[in-house]
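Just below is one structure, and these are the notes that go with it.
The values are calculated or read from the model by the stated rules, or taken from the named source; none is laboratory data. None of the values given here were measured: they were computed from a predicted structure. Virtual Cβ from ideal backbone geometry, glycine too; neighbours counted across all protein chains shown.
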Amino acid sequence: MKGIILLCNDYIKDFPITREIPVGLLPVHGRTIVDNIIDLFFKHGVFEIWLSYNKKNINQYSEKFSFPVILTDKENSNYLFLIKRDIINNFKKDFIIANGCAVLNFNIAKAVDFHKKEKNIITKVISKNNEVSEYYIVNPKIFKYVAEKTFFSDVIKILTAEKEKVGDYVCQESPIKCDSMGNYEKILNWEGIN
């Protein structure tokens, strides 16, 4: 299975280092948040990983990864249309997309099985408390609905309006998105960190 990690340039207001380092590359016990996402992917058979990355910071970190890198020239590498042009010919089967600043420990294989059984175009991985995890199982058909400046939330609305199947896979753990200094501290103390 293939996976994409969206390494966006989110800035945490009360954490100035994020002006220089993408949130997903913040240090966590000698590793990064992205390293832990990669470990989760490998553990569940996602061995071909692509990174969506803003050109602004790529030179500083590109040697760290031995995967294909999707370079975006926009501030927000989370736009689906920016990665569409680079992956559409390489992704012919269902794949997983993860936000590079969110951690979660769940069984990807079970989520993929659920996605296929339900015949969803996109399956959002959510917690039992209905928290969105920033992990998605995606069918490549999604790209026919992706236009300029399209986020996941946009695509989900479009798919729903077009009566395409969008589902939720419920996992037991709550995700932690590194969008504040407090959540970064939670990630540092998270039991799932390797």
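List of remarks:
- Selected residue (criterion: nearest to VAL132 (Cα to Cα)) from residues of the stretch 145-194 that are in a helix (DSSP H, G or I), at pLDDT 80 or above and hydrophobic (A, V, I, L, M, F, W, C): ILE156
- Condition met for ILE87 (in contact with a Leu (Cβ under 9 Å, 6 or more places away or on another chain) and either at pLDDT below 85 or among the polar types (S, T, N, Q) (or both)): no
- Exactly one residue out of ALA111, ALA102, ALA98 is more than 12 Å from the chain's Cα centre (by Cα) and modelled with pLDDT of 75 or more, and it is ALA111.
- Residue list for the stretch 84-138, restricted to those being in a loop (DSSP other than H, G, I, E, B) and of a type in the set (D, E, K, R): LYS92, LYS93, ASP94, LYS119, LYS128, GLU131
- VAL138 vs. criteria in contact (Cβ under 8 Å) with a residue 12 or more places away in the chain and farther than 23 Å from GLY45 by Cα: no
- Selection count, the stretch 120-170, where residues are more than 26 Å from ILE33 (Cβ to Cβ) and basic (Lys, Arg): 5
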